[in-house]
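Here is the structure we will look at.
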Amino acid sequence: MRPVVFALALIATPAFAQVTADTPNPLAGNADAIEAGHGLFGKMNCAGCHAYDLTGGMGPDLTDPSWQYGGKPGEIYHTIAEGTPRGMPAWKDKLTGDEIWQLVAYIQSRKQ
Amino acid sequence: MALRKILLGAVLLGSAALPSSGEAPKKEAAPAAKSFTGATANLAPGDAAGQWTRQARDYANTRYSPLTQINTKNVGRLRIAWSFSDGQMYGHEGAPLVVGDTMYLVTPYPNIAYALDLSKPGAPIKWVFQPNPDPRAIGKACCDKVLRGWAYADGKLIYNLLDDNTVAVDVNTGKEAWRVKLDDVTKGPTMTMAAFVVGDKVFVGSSGGELGTNGWFQALDVKDGHTVWKAFTNGPDDGALIGPDFKPFYSWMKGKDLGVSTWPGEMGKQGASAPWGWVSYDPDLNEIYYGTSNPGPRTPSQRPGLNLWSSAVFARDASSGAAKWAYQFTPHDEWDYDGVNENVLIEIPWKGARRKVMVHFNRNGFAYTIDRKTGEVLVANPFGHQNWAKNIDLTIGMPVINDAAHPIVEKKVTNICPPDIGVKNWNPSAFSPRTGLLYAGVFNSCMDLNNHIVQYIPSSPYDGMEMQRHAGPGGNWGDFIAWDPVAGKRVWSIKENLYVWSGAVVTGSDLVFYGTMDGWFRAADARTGKVLWSQKLGSGITAAPMTFVGPDKRQYVAVYAGIGGGAGVLRRERGFMPGGNTLYVFSVDGNGIGNGTTQLTQAGAPAPVSVPPAAAHN
């Protein structure tokens, strides 16, 4: 079963290396994906830095128009996957590509 | 000459409790100061009156200056003499040091040190030291990328870098003397506290109460930085340096390996309890005192038990680190009430005898007066608005908790007071041996709290608290108060719009200085609480003020205006000011080395280093 799911994920979303700044979020606006991203945002401790309402604290506000590492969906994907030089951890070993797109979908749904 | 006599008198009065001084106070010079409480302090090491060589001025952490040139009569004429901008935009929290004719400043991350020459017009830069800490530390520091102070010893400026290194700079050359790496910043811990020096040792502790860290405290050798002793807060007794000398006053803190058994399984290892606050020292007992942070995670239902030694204070032998006693202020802390605030060491009259005590304004809203030889709590009264506890039961040393204040996972519990940041935070208080009172900036607020279950993922927050904070009764977020540590009550208070998150300094002329988050630097009469002078500065004030005498024999008062740190929780409130990075130095009429018609630009001062732009977020 697991290989099948993995294959579906590959079909559904571009692999890490294929995501560029201009790659659109295949899950943008998908209600199930947004809800899954919401869950991950708490479960993976994103809320610890960016706050449960995404307005920031230890880390930057994710609802405002200011993006230090780019605010396009592909750029946000890249930031989550690779982390930042200022101490945001890289999540590509702890999250699948689908899960990162779910997080991006959740963040996109909360942008002002 | 008259002035000199008065200064001498103030010094002698202040050091009257010093057993080694060998000099009796001179009657004719002693001001007729009437104490409210009879409390006094040992002001060792007894630096010259015009110097400020450690963050709290003395080992006891009084922040009392015997200076009297600036007094209640002329304080209204204080004007800016000169200012200095250091270019860094994170929160500024420390006080300048003045040693000889030099002032030492260290910025928040990237922790650049400046030496300023006070003997020359405009106080030009003598040297700049840029340590280049690891930028990954930025994402690990919970509450802005701050530094609460720096230390001077043995011809070195010694301070902590955000990336878990302690560094010493040769004050003659401005070059690095040594640097020691004390932890791995990529795993979560940072260092933000002010290094504290006694003799040949520098004491430092870790930060990271929200990052699932394993808090530690250590003594380094001033000469080369090597670790002399190290004590973890939690875990087995041997790692915490808890041995046969350990005699806590209350029975519930007695037993073997409580730093393990009061946690589920191995959770103490990620239980934070980081000693990120102030250190004080009693030279007669040769003991140091410091507090520990909240337990991790902040969601309490995940860690049933007392969670020793979080939210507590330790007394340790300064030479060996052996624990003498401990006291946990908030057992099984459910609200993030860290125990790291300053412990001010004073002597009080108590039931017909003198007692050596510490006074501690805890985040939880109670001010504790504790016998520092034994750890017995003598007084524990609220110093501001709180409703989480009915009282502290002094027969057992434990709080009596209000049932309505317990957090519930995935359910909003309203109006718990105070919120996580407390009725007071790390912002240090001052004590005057003349009035016998303590002076502190305090907070008046509450929270609606919703807790979430969290998992431990190394290098990410281990937190779980979601809250909305609101102002407490009266609608003002803060006050500046005078506190009687014997009766356990406020003597006077000044209402302020926002949290009062600055430190305080009190002088031999009964002036107390503090700053507000909306940018006012104030002087009040230490006896009455009447505000005698205010100056609006360029940013909110979350740093500790200090006072000194320059080479021109003139008294100055100095404070950084650079809002930040934990105060950022109110960044969306009216009156909260933009960030800043300017040290303001005041004198009577603004006279001194920084202005006047004859001042010429000093040639030959080194240019400041090129610094990276500060980040736009906190």
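Just a few scattered comments:
- Once all protein chains are placed together, B:Lys530 keeps about 130 Å² accessible to a 1.4 angstrom probe.
- Dipole magnitude of the range B:289-363 about its Cα centre (Cβ charges: Lys, Arg +1; Asp, Glu -1), debye to nearest 20: 320 debye
- Shown for the range A:74-88: residues covered by the partner protein chains by 30 Å² or more of accessible area relative to the chain by itself (probe radius 1.4 Å), namely A:Pro85, A:Arg86, A:Gly87.
- Residue order by solvent-accessible surface for B:Glu410, B:Glu376 is B:Glu410, B:Glu376, largest first, with ligands and nucleic acids left out and a 1.4 Å probe.
- Angle of helix B:2-14 to the longest C-alpha principal axis of chain B, folded into 0 to 90 degrees and rounded to 10: 20°.
- In this label model, B:Ser319 and B:Asp393 are separated by 4.0 nm, measuring between points 7 Å along each Cα→Cβ vector.
- Helices in chain B, meaning DSSP H runs of at least 4 residues, each add -39500 (n - 2.57). Divided by all residues, the mean residue ellipticity at 222 nm is -1000 deg cm²/dmol.
- Ordered from largest to smallest accessible area (heavy atoms of protein chains, 1.4 Å probe), the residues A:Thr20, A:Thr55 come out as A:Thr20, A:Thr55.
- With 0.36 nm allotted per residue and the present C-alpha distance subtracted, the B:Val228-B:Asp589 stretch has 125.1 nm of extension available.
- Rounded to the nearest 20 debye, the dipole size of chain B about its Cα centre is 1560 debye, using +1 on the Cβ of Lys and Arg and -1 on the Cβ of Asp and Glu.
- Residues B:Tyr456 and B:Val400, FRET efficiency given R0 of 30 Å [Cβ-Cβ distance, rounded to 0.05]: 0.40
- Accessible surface of the range B:219-330 [probe 1.4 Å, protein heavy atoms]: carbon and sulfur percent: 58 percent
- Extension gain, B:Gln468 to B:Ser301, is 58.1 nm, computed as 0.36 nm per intervening residue step minus the present C-alpha separation.
- Applying the Karplus relation 6.51 cos²θ - 1.76 cosθ + 1.60 with θ = phi - 60° to the range B:479-486 yields 3J(HN,Hα) values of 8, 10, 10, 9, 10, 8, x, 8 Hz, where x marks Gly and Pro.
- When each of B:Lys145/B:Lys254; A:Lys92/B:Lys140; A:Lys92/B:Lys269 is checked by Cα-Cα distance, pairs over 30 Å: B:Lys145/B:Lys254
- Candidate cross-link partners of B:Lys424 among the lysines, defined by an alpha-carbon separation under 16 Å and a same-chain spacing of 8 or more, comprise B:Lys489, B:Lys495.
- Per residue solvent-accessible surface (Å²) - the protein assembly as shown, probe of 1.4 Å: 35 Å²
- Selected from B:His226, B:Asn160, B:Trp278, residue furthest toward positive end of dipole (the protein assembly as shown; charges at beta carbon): B:Trp278
- Inter-part distance where the range A:36-69 and the range B:77-92 are each reduced to a Cα centre, Å: 33 Å
- Percent carbon-and-sulfur accessible area, the range B:51-133, ignoring ligands, DNA and RNA, probe 1.4 Å: 45 percent
- Ordered from largest to smallest accessible area (heavy atoms of protein chains, 1.4 Å probe), the residues B:Thr542, A:Thr96 come out as A:Thr96, B:Thr542.
- Annotation: aspartates and glutamates with alpha-carbon distance below 19 angstrom to B:Lys187 (same-chain offsets under eight excluded): A:Glu82, A:Asp93, B:Asp134, B:Asp144, B:Asp163, B:Asp164, B:Glu210, B:Glu266, B:Asp463.
- The range B:444-495 and the range B:122-158 have their alpha-carbon centroids 28 Å apart.
- Percent accessible area from carbon and sulfur atoms, the range A:2-110, protein chains only, probe 1.4 Å: 60 percent
- Leading residue at positive end of dipole, the range A:2-110 (Cβ point charges), from A:Leu62, A:Gly87, A:Gly37: A:Gly87
- Take the Cα of A:Gln18, step 7 Å toward its Cβ, do the same at B:Val413, and the gap between the two points is 4.9 nm.
- Buried area at the B:A interface is about 1800 square angstrom, summed over both chains, from accessible surfaces computed with a 1.4 angstrom probe.
- Probe 1.4 Å - accessible area at A:Lys43, Å² to nearest ten: 120 Å²
- Sites B:Lys536 and B:Asp221 - FRET efficiency at Förster radius 51 Å, r taken between beta-carbons, to 0.05: 0.70
- For the protein assembly as shown, the Cβ-based charge dipole about the Cα centre amounts to some 1960 debye (Lys, Arg positive; Asp, Glu negative; other atoms uncharged).
- Taken one residue at a time, the phi angles of the range B:82-96 give Karplus couplings (6.51, -1.76, 1.60, θ = phi - 60°) of 7, 9, 8, 9, 9, x, 9, 9, 6, x, 9, 10, x, 9, x Hz. Gly and Pro are set to x.
- Between B:Lys553 and B:Arg179, the modelled labels are 4.4 nm apart [label points 7 Å from Cα along Cα→Cβ].
- Among the protein heavy atoms, those of B:Asp47 account for about 40 Å² of accessible surface (1.4 Å probe, every chain in place).
- Sites B:Lys489 and B:Gln130, calculated FRET efficiency, Cβ-Cβ separation with R0 41 Å, nearest 0.05: 0.30
- Taking 19 Å as the straight-line reach from the Cα of B:Lys247, the aspartates and glutamates in range (excluding those fewer than 8 positions away in the same chain) are B:Asp237, B:Asp238, B:Asp257, B:Asp282, B:Asp284, B:Glu287, B:Asp317, B:Asp371, B:Glu376.
- Figure legend: label point modelled 7 angstrom from the Cα of B:Lys73 along Cα→Cβ; residues of the range B:516-558 with amide N under 19 Å from it are B:524-528, B:532-533, B:554-556.
- Figure legend: label point modelled 7 angstrom from the Cα of A:Gln68 along Cα→Cβ; residues of the range B:95-122 with amide N under 18 Å from it are B:108-112.
The values are calculated or read from the model by the stated rules, or taken from the named source; none is laboratory data. Just so you know, these numbers come straight off a predicted model, no measurement behind them. For neighbour counting, all protein chains shown are included, and Cβ atoms are generated from backbone atoms with ideal geometry for every residue, glycine included. Accessible surface is based on the protein model in full, side chains and every heavy atom, while ligands, DNA and RNA are left aside. Shrake-Rupley method; radii C 1.70, N 1.55, O 1.52, S 1.80 Å.
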